[in-house]
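The numbers here are math on the coordinates, done by the rules we state, and not lab data. All values derive from a computational prediction rather than experimental measurement. Cβ: placed from backbone, ideal geometry, glycine included. Neighbour counts: every protein chain shown.
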Amino acid sequence: MASSTGITKRTVVVRTRAALRDALAAAPRPLGVVPTMGWLHAGHRSLMQRSRAADATTVVTIFVNPRQFGDPRDLEQYPRNEARDVAICEEEGVDLVFAPSVEEVYPLGFDTSIRVGAIAEPLEGTARPGHFDGVATVVAVLFNLVGAEHAYFGQKDAQQVLVVRQMARDLAIRTEVIACPTVREGDGLALSSRNVHLAPEERAAAPVLHRALTAARDAWAAGERSGDALRSRMREVLAGEPLANPDYVSVADLATLRELDRIDGPALLSLAVRLGSTRLIDNEPLP
Ligand code: AMP
């Protein structure tokens with residue numbers, strides 16, 4: 001935060017539940033939290049900026065949550081650079097970073113898992129069994145530790161927003177879950193920490209996700225209302241990129257994520273695609 005003296009306010013970094021509690025005791029309200037797994041980029045920055053605009057105190061959590069990874073290699077290879085992340089938080093005027101160890105989040109004897117129901121089942125829930133249990137569990141812990149009025153999540157992980165919202169509502173956690181627009185590169189690729197794993201030719205192919213979504217959106221805008229037709233349109237565009245290996249394409253109800261035969265209300269176009277060993281997801285809400 002730039003003050004009138006031109007001195008940048010330092011971001012305080014805490015690592016334990018106790019230090020977090022102490023740091024938050026006198027923090028001006030309302031409080032906003034941005035949960036992340038680090039390797040911060042402009043998408044994360046946009047969430048911090050939303051909080052800074054609305055909240056008197058902004059907290060960023062940086063925690064690579066082992067419980068939401070199915071594949072141990074994926075967890076091991078997840079990119080990390082805390083010093084760089086803290087510098088970004090500082091640039092964005094973040095007040096507090098909570099960067100706990102695994103043991104601090106899941107102390108010895110931790111034995112609870114939160115499983116959200118129907119909204120967590122399709123799409124990423126089917127493709128990544130157990131993933132949303134891990135997400136719901138860690139977010140519940142973080143929400144309880146931070147006690148923020150607001151939490152900011154990216155629309156890029158659209159199902160995650162719905163799962164976290166359902167969890168918070170059902171467990172009477174009073175943190176409001178706010179979804180923020182997806183930040184993209186100039187060529188349409190949604191920013192993601194995983195983009196760092198893309199080989200140059202995969203990176204060049206990666207905008208095909210956004211092209212597929214845009215093609216389906218254009219068809220919808222031109223009056224197409226058949227779910228199958230829109231799914232086919234996305235598959236067609238993906239098929240034009242030899243490096244792209246589609247996992248799923250979906251045209252679903254925006255609230256329930258049930259696949260739609262016909263679109264006659266708010267819907268979500270979404271897809272998951274592998275490029276080499278990197279799996280990318282993206283989506284486009286309709287309208
Ligand atoms: P992650 O560190 O990948 O767990 O992401 C932390 C938060 O940032 C989640 O709420 C994501 O949805 C959000 N996020 C990730 N990528 C983007 C993006 N390109 N635009 C906006 N938000 C994003």
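Taking 41 Å as R0, compute the FRET efficiency from the Cβ-Cβ separation of L108 and A222 and round it to 0.05.
0.10
Using the Cα gyration tensor of the stretch 12-180, with a ≥ b ≥ c the square roots of its eigenvalues, what is the shape: rounded (a/c below 1.5), prolate (a/b larger than b/c) or oblate (neither)?
rounded
Between the stretch 27-58 and the stretch 204-261, what is the C-alpha centre distance in whole Å?
Taking the Cα centre of the stretch 204-261 as reference, the centre of the stretch 27-58 is 31 Å away.
So how much slack lies between A255 and A54, counting 0.36 nm per residue of separation and subtracting their Cα-Cα distance, in nm?
Contour length minus the Cα-Cα distance gives 69.8 nm.
For a quick check: sort F110, F98, F63 by the number of other beta carbons within 10 angstrom, fewest at the front.
F110, F63, F98
With each label point set 7 Å from Cα along the Cα-Cβ vector, what nm distance links E90 and T16?
Taking the simple label geometry, E90 and T16 are separated by 2.4 nm.
With a/c under 1.5 counting as rounded, go ahead and sort the stretch 162-237 into rounded, prolate or oblate using the C-alpha gyration tensor (a ≥ b ≥ c being the square roots of the eigenvalues; past the cut-off, prolate if a/b is larger than b/c, else oblate).
Oblate.
List the longest stretch of the chain that has no exposed loop site; here a site is one of the trypsin sites (Lys or Arg not before Pro) assigned by DSSP to anything other than H, G, I, E or B, with at most 15 other Cβ within 10 Å.
That would be 16-79.
Provide the FRET efficiency to the nearest 0.05 for the A42-A204 pair, computing r from the beta carbons and using R0 = 22 Å.
Here the calculated transfer efficiency is 0.65.
Taking just the alpha carbons, could you work out the radius of gyration and Dmax for the chain, both in angstroms?
According to the Cα coordinates of the chain, Rg and Dmax are 19.4, 60 Å.
Grab the alpha carbons of the stretch 227-283, take their convex hull, and tell me the volume per residue in Å³.
Spread over its residues, the Cα hull of the stretch 227-283 gives 67 Å³ apiece.
Counting other beta carbons within 10 Å of each residue's own, what order do T57, T36, T256 fall into, fewest first?
Fewest-to-most Cβ neighbours within 10 Å comes out as T256, T57, T36.
Using the beta-carbon distance between S277 and T214 and R0 = 30 Å, what value does 1/(1 + (r/R0)^6) give for FRET efficiency, to the nearest 0.05?
0.70
Fully extended, how many nm does the chain gain between R235 and E121 (0.36 nm per residue separation, minus their Cα-Cα distance)?
Length difference between fully extended and current span is 38.8 nm.
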